[in-house]
Amino acid sequence: MGGNPHNSSELPPFTLTGFSGLGTSQHYVFLLLGTLYTVSIVGNALILFIIKEEQSLHQPMYYFLSLLSVNDLGVSFSTLPTVLATFCFHLQKISFDFCMAQMFFIHLFSFIESGILLVMSFDRYVAICNPLRYATVLTGACVVCMGMAVIIRSFCMVFPLPFLLKRLPFCKANVLSHAYCLHPDLIRLPCGDITVNNIYGQFIVICNFGLDSALILLSYVLILRSVLAIASWEERRKTLNTCVSHLCAVLMFYVPMVGVSMVARYGRHAPQYVHTLMSLIYLFVPPMLNPIIYSIKTKEIRRRLCKILLGTKF
């Protein structure tokens, strides 16, 4: 694995290995990924179309859902080029700049998704704990500002990552473990001092995912306290039911992310396919399941979807 160090001016290429550790099962994994891509792209596109066309869905909660769908499409399209190149055309070489760009967008959309889930939890908090102020608090301007704040914050946090990597010398074979570029995978390759990279990586993870998850938890503690103050069990059930879709989206995002972190930190001696499968679940499952969950739990979306797919009149 050793070799001459490459400085940033030489921009060494990287080699994509598909899904190492899965052997002949890679073909089945690619078929599975094809299904996930299809469901994710079609499902999120339908969500956007339905929210645009259905006037009753022109509300803050569904504007945030639209942003989540756009972000999920971004996640899918960020990984799609190299996955197709690796499995369909057997093109395993990827340039340094393209790899840095792909890494940037994958992590950017991941950070944005965390922020969107946070503002959606704020939406649920206001709707349940302060329903009379909902229309005055979550105005159109407020929704736009919150969405822009999430995007700008995520961009500022992820932007330094490619430059921190580019300054390092590379002296290994530059073989990646996946069919796409991820920062935890790339950070193993430089032969220089990566202390700054590690510190900054941990800093942005804590500031983004750690803070967001803590605030989401706090919002649901306040929501639960407000719900428990309702005398009627039926009213409690109806109120909590409005949070089910968002809770599922939160769990689908954070549970795989925690799993990936735990495996990376404590499962270094685990088989490679464990790391591969965890990254697959983290990157591909939430964009596919989010539109399905919201289609099932939202009556207006479900009705319009049935009308589109089945031609049923409601």
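The values are calculated or read from the model by the stated rules, or taken from the named source; none is laboratory data. Please read these numbers as outputs of a predicted model, since none were measured by experiment. Cβ placement follows ideal geometry from the backbone for every residue including glycine, while neighbour counts extend to all protein chains displayed. Accessible surface is based on the protein model in full, side chains and every heavy atom, while ligands, DNA and RNA are left aside. Shrake-Rupley method; radii C 1.70, N 1.55, O 1.52, S 1.80 Å.
Listed here are the residues, each with its yes/no results for (1) under 15 Å from the mean Cα position of the chain (by Cα); (2) in contact (Cβ under 8 Å) with a residue 40 or more places away in the chain.
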residue: 230; (1), (2): no, no
residue: 236; (1), (2): no, no
residue: 258; (1), (2): yes, no
residue: 269; (1), (2): no, no
residue: 278; (1), (2): yes, no
residue: 290; (1), (2): yes, yes
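Looking at 221, 175, just one residue is under 28 Å from residue 274 (Cα atoms) and of a type in the set (Val, Ile, Thr), and that residue is 175. With the structure loaded, tell me whether residue 218 is out of contact with any Lys or Arg (no Cβ under 7 Å at 6 or more places or on another chain) and loosely packed, with under 14 Cβ neighbours inside 10 Å or whether it fails that test. Criteria met by residue 218. Out of 257, 262, one residue alone is under 30 Å from residue 167 (Cβ atoms) and open to solvent by 80 Å² or more (accessible area, probe 1.4 Å). It is 262.
Can you tell which of 148, 100 is touching a helix residue (DSSP H, G or I) at 6+ places or on another chain (Cβ under 9 Å) and within 23 Å of residue 207 (Cβ to Cβ)?
Working: 148 fails: touching a helix residue (DSSP H, G or I) at 6+ places or on another chain (Cβ under 9 Å).
Testing whether each residue is touching a helix residue (DSSP H, G or I) at 6+ places or on another chain (Cβ under 9 Å) and within 23 Å of residue 207 (Cβ to Cβ) leaves just 100.
Looking only at residues that are farther than 14 Å from residue 16 by Cα and at pLDDT 85 or above in region 168-182, which one is most open to solvent (accessible area, probe 1.4 Å)? Checking each candidate, the answer is 169.
For residues that are assigned to a helix (DSSP H, G or I) and among the hydroxyl-bearing types (Ser, Thr, Tyr), scanning just region 95-138, find the one that is most open to solvent (accessible area, probe 1.4 Å). So that I can check it myself, show each step before the final result.
Residues of region 95-138 that are assigned to a helix (DSSP H, G or I), as a first pass: 96-129, 131-137.
Imposing the further condition that a residue be among the hydroxyl-bearing types (Ser, Thr, Tyr) reduces the set to 110, 114, 121, 125, 134, 136.
Numbers: 110: 11, 114: 0, 121: 2, 125: 63, 134: 43, 136: 100 Å².
Within region 95-138, the match that is most open to solvent (accessible area, probe 1.4 Å) is 136.
Yes/no matrix, rows are residues, columns are (1) at positive phi; (2) crowded, with 19+ Cβ neighbours inside 10 Å; (3) within 17 Å of the chain's Cα centre (by Cα):
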| position | (1), (2), (3) |
| --- | --- |
| 146 | no, yes, no |
| 155 | no, no, yes |
| 158 | no, yes, yes |
| 166 | no, no, no |
| 184 | no, no, yes |
| 202 | no, no, no |
| 206 | no, no, yes |
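Only residues that are surrounded by 14 or more Cβ atoms within 10 Å (Cβ to Cβ) and not in a helix (DSSP H, G or I) were counted in region 26-59, giving 2. Taken over region 65-94, the residue count meeting the criterion of being out of contact with any Phe, Trp or Tyr (no Cβ under 7 Å at 6 or more places or on another chain) and part of a helix (DSSP H, G or I) is 12. With respect to residue 223, is the statement that it is over 22 Å from residue 47 (Cα atoms), modelled with pLDDT of 90 or more and out of contact with any Gly (no Cβ under 9 Å at 6 or more places or on another chain) true? Against the criterion (over 22 Å from residue 47 (Cα atoms), modelled with pLDDT of 90 or more and out of contact with any Gly (no Cβ under 9 Å at 6 or more places or on another chain)), residue 223 qualifies. When region 270-314 is examined, which residues are found to be of a type in the set (S, T, N, Q), open to solvent by less than 40 Å² (accessible area, probe 1.4 Å) and part of a helix (DSSP H, G or I)? Those that are of a type in the set (S, T, N, Q), open to solvent by less than 40 Å² (accessible area, probe 1.4 Å) and part of a helix (DSSP H, G or I): 276, 279, 290, 295. Flag: residue 244 does not match the condition of being open to solvent by less than 70 Å² (accessible area, probe 1.4 Å), β-branched (Val, Ile, Thr), touching a Leu at 6+ places or on another chain (Cβ under 8 Å) and more than 22 Å from residue 103 (Cβ to Cβ). If you go through region 181-204 and keep only what is in contact (Cβ under 8 Å) with a residue 24 or more places away in the chain, of a type in the set (Val, Ile, Thr) and part of a helix (DSSP H, G or I), you end up with 196, 204.
Only one of the numbered conditions (1) assigned to a loop (DSSP other than H, G, I, E, B); (2) open to solvent by 50 Å² or more (accessible area, probe 1.4 Å); (3) over 30 Å from residue 297 (Cβ atoms) is violated by residue 231, and that is (3).
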